[in-house]
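Working notes, structure below.
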Amino acid sequence: MTEVNDTNKIISPPRSRLRRFFRWLKIFIIIYCGGGILLYNFQDKFLLHPVAVQPGYHYKISEPFEEINIPINKDENLNVIRFTTNSKPKGAVLYFHGNMMNVSHYAGHALNFTRKGYEVWMPDYPGYGKTTGVISEKKLYDEALLVYKLANTKFPKDSIIIFGKSLGSGIAAQLASIKDCRRLILETPYYSIPSIFGHYVPFYPVSYMSHFKIPTATYLQQVAVSVTIFHGSKDEVIPYNNSLRLRKVLKEGDEFISIPGGRHNDLSTFTIYQQKLDSLLRD
């Protein structure tokens, strides 16, 4: 009896472990596939955080501004806030903002440019603020081009600065890759949208799953004017190392300004940022 029991103890556990292995493998596959489906279908919710307002809504913005509405078609409208100066403007800054809310969330940053004599043209993306329509990567590029063309009717190309923050940095880089301007400035940019998703979910094939690509690095290689990049070492949204990869595609004369301790939304509070931005606007 003892020998039979000993034999059973030797034979049965491997079978049991094999069954447990396949059971856990099945659970893992279900969870992995379910997570992938959720990521694919809801990724825009993670990436985009728009707040729409009614056409008659009046933005509570302290800086002088006027609204420009560009009808795309009978159902779609592009809304642009133009921050004005008290004196004759030196030029225009086309400011492509981040993924939060609408222009009211970024309006305070216009002062960095208007106090130096530049108008700031800040468009909202489809679904943001008073801009209507369904957002897509192509539409982001097309509407950025419309803003450029409108500004170019008032200012020559060498008086137009293209500026992109966070999500808007890739849009700004794409625009600067096809249109002439004075300078391209990027704040907290990313290498590409899939590279950001890959940081947070490295176990999925995000290059194939991502609805938006926005390959900032590719566009920068096609930008002829000088490029300046600002990024904080403590950025909690777009990792510093992700942006640092852009240094490899910068040309001679371009700049990558690291801000020690800077986070995603506080770079303008650092002296190094203000001093460098002021020098760029004086050039």
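Here is a yes/no grid of residues against (1) modelled with pLDDT under 75; (2) more than 23 Å from the chain's Cα centre (by Cα); (3) surrounded by 12 or more Cβ atoms within 10 Å (Cβ to Cβ):
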site: Arg20; (1), (2), (3): no, yes, no
site: Gly36; (1), (2), (3): yes, no, yes
site: Leu78; (1), (2), (3): no, no, yes
site: Lys90; (1), (2), (3): no, yes, yes
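Can you tell me which residue within the range 170-186, out of those that are touching a Ser or Thr at 6+ places or on another chain (Cβ under 7 Å) and not in a loop (DSSP other than H, G, I, E, B), is farthest from Ile135 (Cα to Cα)?
Looking only at the range 170-186, we keep the residues that are touching a Ser or Thr at 6+ places or on another chain (Cβ under 7 Å), and these are 170, 173, 182-183, 185-186.
Filter again for not in a loop (DSSP other than H, G, I, E, B), leaving 170, 173, 183, 185-186.
Working: Gly170: 15, Ala173: 18, Arg183: 27, Ile185: 24, Leu186: 22 Å.
Restricting to residues being touching a Ser or Thr at 6+ places or on another chain (Cβ under 7 Å) and not in a loop (DSSP other than H, G, I, E, B), the top hit is Arg183.
Among residues of the range 260-283 that are touching a residue at least 40 places away in the same chain (Cβ under 8 Å) and at negative phi, those with a beta-carbon under 7 Å from a residue that is among the aliphatic types (A, V, I, L, M) and in a loop (DSSP other than H, G, I, E, B) at least six positions away or on a different chain give the pairs His264/Val237; His264/Ile238. Pairs meeting the criteria (first residue in the range 214-235 and closer than 21 Å to Ile161 by Cβ, second residue surrounded by 17 or more Cβ atoms within 10 Å (Cβ to Cβ) and acidic (Asp, Glu), beta carbons under 6 Å, at least 6 apart or on different chains) are Val227/Asp254; Phe230/Glu187.
Give me the residue from the range 212-225 that is part of a loop (DSSP other than H, G, I, E, B) and crowded, with 16+ Cβ neighbours inside 10 Å and, out of that set, nearest to the chain's Cα centre (by Cα).
Checking each candidate, the answer is Ile214.
The residue that is surrounded by the fewest Cβ atoms within 10 Å (Cβ to Cβ), counting only those in the range 47-76 that are acidic (Asp, Glu) and assigned to a strand (DSSP E or B), is Glu66. Scanning the range 226-283 for residues that are hydroxyl-bearing (Ser, Thr, Tyr) and surrounded by 13 or more Cβ atoms within 10 Å (Cβ to Cβ) gives Ser226, Thr228, Ser233, Tyr240, Ser243, Ser258, Ser268, Tyr273. Counting only helices (runs of 4 or more DSSP H) that sit completely within the range 93-169, those holding 1 or more residues that are assigned by TED's automatic domain parsing to the domain that holds Asn69 and over 19 Å from the mean Cα position of the chain (by Cα) correspond to 111-114, 137-152.
The values are calculated or read from the model by the stated rules, or taken from the named source; none is laboratory data. Quick caveat: nothing in here was measured; it's all calculated off a predicted structure. Glycine gets a Cβ as well: all are built from the backbone with ideal geometry, and neighbour counts include every protein chain shown.
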